[in-house]
1. Return yes when residue 243 is within 23 Å of residue 281 (Cα to Cα) and touching a strand residue (DSSP E or B) at 6+ places or on another chain (Cβ under 8 Å) and no when it is not.
2. Please name all residue pairs, on different chains or six or more residues apart, with Cβ atoms under 7 Å, provided the first residue is in the stretch 148-168 and is more than 30 Å from residue 55 (Cα to Cα) and the second residue is of a type in the set (D, E, K, R) and modelled with pLDDT of 85 or more.
3. Hey, does the stretch 124-140 have a residue that's modelled with pLDDT of 95 or more, basic (Lys, Arg), surrounded by fewer than 18 Cβ atoms within 10 Å (Cβ to Cβ) and out of contact with any Ser or Thr (no Cβ under 6 Å at 6 or more places or on another chain)?
4. Return the residues of the stretch 268-296 that are touching a helix residue (DSSP H, G or I) at 6+ places or on another chain (Cβ under 8 Å) and either surrounded by 17 or more Cβ atoms within 10 Å (Cβ to Cβ) or under 17 Å from residue 195 (Cα atoms) (or both); say none if nothing qualifies.
5. Out of all the residues in the stretch 56-65, is one or more crowded, with 17+ Cβ neighbours inside 10 Å, within 20 Å of residue 272 (Cβ to Cβ), hydrophobic (A, V, I, L, M, F, W, C) and touching an Asp or Glu at 6+ places or on another chain (Cβ under 8 Å)?
6. Between a residue in the stretch 198-216 that is closer than 9 Å to residue 233 by Cβ and any residue that is assigned to a helix (DSSP H, G or I) and aliphatic (A, V, I, L, M), which pairs come within a Cβ distance under 6 Å, given they are 6 or more apart or on different chains?
7. Any chance you could count how many residues in the stretch 28-66 are outside any loop (DSSP other than H, G, I, E, B), modelled with pLDDT of 95 or more and among the aliphatic types (A, V, I, L, M)?
8. With respect to residue 82, is the statement that it is farther than 30 Å from residue 206 by Cα, of a type in the set (Val, Ile, Thr) and either surrounded by fewer than 18 Cβ atoms within 10 Å (Cβ to Cβ) or out of contact with any Cys (no Cβ under 9 Å at 6 or more places or on another chain) (or both) true?
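The values are calculated or read from the model by the stated rules, or taken from the named source; none is laboratory data. Nothing here was measured: the structure is a model prediction, and the numbers come from that model. Because the Cβ atoms are built from the backbone with ideal geometry, glycine has one as well, and the counts that use them run over all protein chains shown.
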Amino acid sequence: MKRYIAILFLIFILNSTLIVADIKEGELPLSFDFLDASDGDKWGDCTLISFPNGENMLIDTGIEDVADNVISILKEKGIKKIDYFVLSHLHADHYGGMKKIIETFPVERIYSNFYAPPEQRWIGEYLLDIGIPYERLTSGDSIVIDEVIIDVLWPRAKDVEVLPEQSHNIDSVVLDVNNHSLVMRFSYAGKMALFTGDIYKSAEKDLLSFVGAQALKADLLKIMHHGHSTSGDAKFLDAVNPQYAVMMGNIVMTLPVYKRYVERECWPYATWMNGTVTIDFYKDRIEKSASKSLKINDFYKKLEIKYPGP
């Protein structure tokens, strides 16, 4: 009888060990936190990515005026240092909080394409002065973090070899820098996330031609240029075909652009309505949550009633 009980106990211990092992293996997802760090009409892009191995990446910072908000959110999430700091492109609504964040958290390494007109070229000198290693990324580069592969799809190296000069046409400079934003694809457990910076339709078409539709397929899309009508070409969206999409910043997406997503059975989230949006890639599933449960579809339905269109 005692031997029988001992065998049962051993089986129980072995099964318990297997259960604990299974839980531990998949308990930490690849997590994307699209931060709502806005302050009234002050905003910008800022995303915290937490990797299954415990490391993190910050993509962009929002404008300088919201840096304190970003820092508070990062501290609330238990961030003590930033392992990988990415600037998608050098516009103030993406890098503006960089200095404050660097002064608050130790930063291991910074990545960008460093493609900018003269007034933004101080950034490279600043990073040299403070001794943070930095690296220029262009298409073909990859970063591997544990089981996560990050492929840089855009810009092409040849397109950013010569830095832009200052132009009296501000719009052309803005478009040029936006169109050379880093586009990065995150791959984990058969799931994909595509980060697109602020590229316009012209760059979307060039990117689609350059890498092909299959390379752009993603479960999650960081919506281009905050949802502006400058971006979101139909063929590009067909190629990406996202299940989830998040726009960051202020209320800029027009009803026609919103409809392009809905027609593809993708209902976007927006930080200006949903607050911080979190998408978690587990090995066997994708989970989503938002700090505010408002439904963006209701907002655009009201717009459609007010402006029914043709």
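1. Yes: the conditions hold for residue 243.
2. These pairs meet every condition: 164/176.
3. Looking through the stretch 124-140, at least one residue is modelled with pLDDT of 95 or more, basic (Lys, Arg), surrounded by fewer than 18 Cβ atoms within 10 Å (Cβ to Cβ) and out of contact with any Ser or Thr (no Cβ under 6 Å at 6 or more places or on another chain).
4. 268, 269, 270, 273, 274, 276, 277, 282, 290, 296
5. So far as the stretch 56-65 goes, yes, one or more of its residues are crowded, with 17+ Cβ neighbours inside 10 Å, within 20 Å of residue 272 (Cβ to Cβ), hydrophobic (A, V, I, L, M, F, W, C) and touching an Asp or Glu at 6+ places or on another chain (Cβ under 8 Å).
6. Listed pairs, sorted by first residue: 208/239.
7. Counting residues in the stretch 28-66 that are outside any loop (DSSP other than H, G, I, E, B), modelled with pLDDT of 95 or more and among the aliphatic types (A, V, I, L, M) gives 6.
8. Criteria met by residue 82.
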